[in-house]
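Asker: My questions will all concern the structure given below.
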Amino acid sequence: MQQTPDQQVHNLIRGAGKARGERGRAKMDIVESKQISEPIKSEAQISHLALDIGGSLIKLVYFSTNNDSSSSSSSSSSSSSSKDSVAVSSGNEGRPVLEGKLHFAKFETAKINDCIDFIRSKQLRLSGFQKHGAPAGEKCTIKKATGGGAYKYADLFKEKLGICLDKEDEMDCLVAGSNFLLKAVHTEAFAYIDGQKEFVQIDHDDLYPYMLVNIGSGVSMIKVDGPGKFERVSGTNVGGGTFWGLGRLLTKCKSFDELLELSHRGNNRVIDMLVGDIYGGMDYTKIGLSSTTIASSFGKAISDNKELEDYKPEDISRSLLRMISNNIGQISYLNALRFGLKRIFFAGFFIRGHAYTMDTIAVAVHFWSKGEAKAMFLKHEGFLGALGSFMSYEKHGFLNLKVHQLVQQSPVDASRGEDKIHDPPNGELNENQSIDCSICLS
Ligand SMILES: Nc1ncnc2c1ncn2[C@@H]1O[C@H](COP(=O)(O)OP(=O)(O)OP(=O)(O)O)[C@@H](O)[C@H]1O
Ligand SMILES: CC(C)(CO)[C@@H](O)C(=O)NCCC(=O)O
């Protein structure tokens, strides 16, 4: 009988373990590159899959081995494998170490069948762990999953893919994903200042406490005090779902990216009521408001005597984006102030690496904090929950993950003021989102 790629590697690994007199599962251990030796070659790939099924989007993180020697880590001492073969080395105490990448993909939750087809096409459902005590003949592989959809769609995944979703708490996963990225990926965090991205070096000894603001469909504000130590201190229902929902109704846009794209060309002053509109063109200096400050989002629509059709969709989009980003920036700052936090990391797919969104949030935080607090953003903004879900394989002792810093690619072209991110239609994100790493299997 022909074996799946995953089975081939698992068998290979079992064989390698036996040859060294090992039994069953290995313990968790830190994989140091100097411990990697004796490369073993296989023509197989292996994948661990973790999901975050949110109100708007499903995010996937999965590991696959390199099938190209050129992509194996330069920090590893494992010798290169031939093309189409997998570099499998033995780590500490002969435990198998696989060189590869963490890949990222996303799908609209409303199109969950596309996600199911993707998982099927990549054979991602095959790798995993059999459920203990499952009746003979009942094939069910366990996958880590978080987000509300891990509950809502559990039956669908079981029925269509034979996958049992092992649920992990959403806030736990967001925090685990954020801590992991901030520590392991040195080009992860950046500030957005005057239209430029500036990478922020994270001091591992001075990371906590910080505020994490995850802007998904709704918004969660989490005070993070350490690994696994956090409190969700606030949230708001005016989030990414509000922008996309209202924007779709008001502009007839067919996709989120189209709505975002429109905002590039729009002018919010056509619809927003500015301080100057109220004060006859003057600043209100006494309370620190310039004439161009928005006094009331969408306020001009009261008196313009116009119908919706009379406004340009691009102006509506810009006004809406500004209103929501500004509001989130302000609430985040107020919560940071409650706890004396100076650093606020913004994540979630609402941001979408979009210049105007980041600029508005950063300016709001700067303005309200009088420069005391700093807004920062994350390269893998929308994948915190999915990464945290992936990390829980490690937490439960199934694998040990080590990121290779040297081959981590630059996330964005910092010279570009306006980033346009176009994902391929099949949900997989571009190469520079993937993270080179190795995993030590248990
Ligand atoms: N292609 C897209 N389709 C729909 N929304 C998108 C898309 N790209 C970005 N977004 C924005 O990202 C938001 C979803 O972000 P994210 O995936 O982080 O949250 P979620 O997990 O779906 O939501 P929640 O955590 O509240 O359940 C959407 O509400 C929308 O504003
Ligand atoms: C309900 C969740 C946590 C689901 O991800 C998210 O959408 C959210 O944080 N909403 C905001 C809810 C509130 O605190 O008002």
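The values are calculated or read from the model by the stated rules, or taken from the named source; none is laboratory data. Quick caveat: nothing in here was measured; it's all calculated off a predicted structure. Positions of Cβ are generated from backbone atoms using ideal geometry, with glycine treated the same way; all protein chains shown enter the neighbour counts.
Asker: Name every residue in region 224-240 that is part of a strand (DSSP E or B), of a type outside the set (Gly, Ala, Ser) and within 14 Å of ligand 2 (Cβ to nearest atom), in order of residue number.
Answerer: PHE230, GLU231, ARG232, VAL233, THR236 - these are the residues of region 224-240 that are part of a strand (DSSP E or B), of a type outside the set (Gly, Ala, Ser) and within 14 Å of ligand 2 (Cβ to nearest atom).
Asker: Before we move on, is ASP205 assigned by TED's automatic domain parsing to the domain that holds PHE339 and more than 14 Å from ligand 2 (Cβ to nearest atom)?
Answerer: It is true that ASP205 is assigned by TED's automatic domain parsing to the domain that holds PHE339 and more than 14 Å from ligand 2 (Cβ to nearest atom).
Asker: If we scan region 244-256, do we find a residue that is crowded, with 19+ Cβ neighbours inside 10 Å, of a type outside the set (Ser, Thr, Tyr), closer than 28 Å to LYS370 by Cβ and touching a Leu at 6+ places or on another chain (Cβ under 9 Å)?
Answerer: The answer is no, given that none of the residues of region 244-256 is crowded, with 19+ Cβ neighbours inside 10 Å, of a type outside the set (Ser, Thr, Tyr), closer than 28 Å to LYS370 by Cβ and touching a Leu at 6+ places or on another chain (Cβ under 9 Å).
Asker: Same structure, new question: From GLU314, GLU309, grab the single residue that is surrounded by 15 or more Cβ atoms within 10 Å (Cβ to Cβ), at pLDDT 95 or above and at negative phi.
Answerer: GLU314
Asker: Working only within region 193-219, note down all residues that are crowded, with 21+ Cβ neighbours inside 10 Å and outside any loop (DSSP other than H, G, I, E, B).
Answerer: The answer is LYS197, TYR210, MET211, LEU212, VAL213, ASN214, ILE215, VAL219.
Asker: When region 143-165 is examined, which residues are found to be assigned to a strand (DSSP E or B) and in contact (Cβ under 8 Å) with a residue 60 or more places away in the chain?
Answerer: LYS143, LYS144, ALA145, THR146, LEU165
Asker: Right, next: Identify all residues within region 273-304 that are within 19 Å of ILE324 (Cα to Cα) and not in a helix (DSSP H, G or I); write none if there are none.
Answerer: MET273, LEU274, THR292, THR293, ILE294, ALA295, SER296, SER297, PHE298
Asker: Test GLY371 against the stated conditions and say whether it is in a loop (DSSP other than H, G, I, E, B), assigned by TED's automatic domain parsing to the domain that holds GLU258 and farther than 16 Å from GLU188 by Cα.
Answerer: Criteria met by GLY371.
Asker: Sort out which residues of region 223-240 are surrounded by fewer than 22 Cβ atoms within 10 Å (Cβ to Cβ) and either within 13 Å of ligand 1 (Cβ to nearest atom) or under 15 Å from GLY385 (Cα atoms) (or both), and write them in order of number.
Answerer: Answer for region 223-240, where residues must be surrounded by fewer than 22 Cβ atoms within 10 Å (Cβ to Cβ) and either within 13 Å of ligand 1 (Cβ to nearest atom) or under 15 Å from GLY385 (Cα atoms) (or both): PRO227, GLY228, ARG232, GLY235, THR236, ASN237, VAL238.
Asker: State all residues of region 342-368 that are surrounded by fewer than 20 Cβ atoms within 10 Å (Cβ to Cβ) and closer than 14 Å to MET211 by Cβ; if no residue qualifies, say none.
Answerer: Of everything in region 342-368, those that are surrounded by fewer than 20 Cβ atoms within 10 Å (Cβ to Cβ) and closer than 14 Å to MET211 by Cβ turn out to be LYS342, TRP368.
Asker: Of the residues SER77, SER127, SER121, which single one is modelled with pLDDT under 55, more than 16 Å from ligand 2 (Cβ to nearest atom) and farther than 30 Å from GLU231 by Cα?
Answerer: Answer to the check: SER77.
Asker: Test LEU249 against the criterion of being outside the structural domain of MET323 (by TED's automatic domain parsing), at pLDDT 95 or above and either in contact with a strand residue (DSSP E or B) (Cβ under 8 Å, 6 or more places away or on another chain) or away from ligand 2 (no atom under 16 Å from the Cβ) (or both), and give yes or no.
Answerer: Against the criterion (outside the structural domain of MET323 (by TED's automatic domain parsing), at pLDDT 95 or above and either in contact with a strand residue (DSSP E or B) (Cβ under 8 Å, 6 or more places away or on another chain) or away from ligand 2 (no atom under 16 Å from the Cβ) (or both)), LEU249 does not qualify.
Asker: A further question on this structure: Can you list residue pairs whose Cβ atoms sit under 6 Å apart, with the first residue in region 183-195 being at positive phi and the second being modelled with pLDDT of 95 or more and basic (Lys, Arg)? Count only pairs 6 or more apart in sequence or on different chains.
Answerer: Once the first residue is at positive phi and sits in region 183-195, no partner that is modelled with pLDDT of 95 or more and basic (Lys, Arg) comes close enough.
Asker: Could we say that GLU258 is part of a helix (DSSP H, G or I), over 18 Å from the mean Cα position of the chain (by Cα) and among the acidic types (Asp, Glu) here?
Answerer: Here the answer is yes, as GLU258 does meet what is asked.
Asker: Look at region 259-291 and say how many of its residues are over 15 Å from SER317 (Cα atoms) and in contact with a Pro (Cβ under 7 Å, 6 or more places away or on another chain).
Answerer: Result for region 259-291: 0.
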